[in-house]
Amino acid sequence: MSGTGKSTVIGELRRRGYRAVDLDCDEYSHWADVDVTAAGSPVEPGRDWVWRENRVAELLAQTHDDPLFVSGCAPNMGSFLRLFDRVVLLTAPTDVISRRLDVRGPREYGSRPRELGRALALVESVEPALRRVATDEIDASAPLEDVLQAVLGLARPV
């Protein structure tokens, strides 16, 4: 969900030398026309930010000895779920999400009142569906180091 810290966590993992990719960037996502009657709430009427399926598939098909961490959430992510070893849902209380989105710059998603309202509505409507497909859930209102250690702990072989 927006404001839970996905980009912060993935950026810190990348900074620490892990293979970490934010799928919510232009390289892996794009604007697409969507059916306005489909479930969910598109970012804009008739348009939504979706994963570039060919690029995401290529990324996930790469083989490496070290783990790959990806972050993102998109309406078309369901077709990729079977390719992930784990699906981690980062959650945070709505007041934390509101504060995080409130401090974003004017060009960042969630900084405008309409986007903030949409993000908070999606916590109610979409987060339960994400919880059903997640293998793990982490409270991302905890300090960043604690969230990182929880994520890294899930990546270690058992």
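Exactly one residue out of Glu137, Glu124 is surrounded by fewer than 12 Cβ atoms within 10 Å (Cβ to Cβ), among the acidic types (Asp, Glu) and within 25 Å of Asn76 (Cβ to Cβ), and it is Glu124.
Applying a threshold of 7 Å to beta carbon distances and a minimum spacing of six or more residues, or different chains, the list of pairs starting in the range 42-56 at a residue that is at pLDDT below 80 and ending at one that is of a type outside the set (Val, Ile, Thr) reads Pro42/Asp48; Val43/Trp49; Gly46/Asp33. Collect the residues in the range 7-28 that are of a type outside the set (Val, Ile, Thr), modelled with pLDDT of 95 or more and part of a helix (DSSP H, G or I), keeping them in residue-number order. Scanning the range 7-28 gives Gly11, Glu12, Leu13, Arg14, Arg15. Checking Gly17, Gly46 one by one, the residue that is of a type in the set (Gly, Ala, Ser), loosely packed, with under 12 Cβ neighbours inside 10 Å and in contact with a strand residue (DSSP E or B) (Cβ under 8 Å, 6 or more places away or on another chain) is Gly46 and no other.
Within the range 109-149, being touching a Ser or Thr at 6+ places or on another chain (Cβ under 9 Å) and of a type in the set (Gly, Ala, Ser) holds for Gly110, Ala119, Ala121, Ser125, Ala140, Ser141. Would you say Arg118 is surrounded by 12 or more Cβ atoms within 10 Å (Cβ to Cβ), touching a Phe, Trp or Tyr at 6+ places or on another chain (Cβ under 9 Å) and not polar (S, T, N, Q)? So Arg118 fails the test. Each residue in the range 50-79 was checked for being over 12 Å from the mean Cα position of the chain (by Cα), surrounded by 15 or more Cβ atoms within 10 Å (Cβ to Cβ) and in a loop (DSSP other than H, G, I, E, B), and 3 of them qualify.
For Ala32, the test of being modelled with pLDDT under 95, over 17 Å from the mean Cα position of the chain (by Cα) and in a loop (DSSP other than H, G, I, E, B) is failed. For Gly105, are the conditions met, namely being surrounded by fewer than 18 Cβ atoms within 10 Å (Cβ to Cβ) and part of a helix (DSSP H, G or I)? Spelling it out, it is not the case that Gly105 is surrounded by fewer than 18 Cβ atoms within 10 Å (Cβ to Cβ) and part of a helix (DSSP H, G or I). The residues of the range 108-151 that are aliphatic (A, V, I, L, M), free of Cβ contacts under 8 Å to residues at least 40 places away in the same chain and part of a helix (DSSP H, G or I), listed by number, are Leu116, Leu120, Ala129, Ala150.
The values are calculated or read from the model by the stated rules, or taken from the named source; none is laboratory data. Note that the structure is predicted; figures quoted are calculated from it, not measured. Methodologically, a virtual Cβ is constructed for each residue, glycine included, from the backbone with ideal geometry; neighbour enumeration extends over all protein chains shown.
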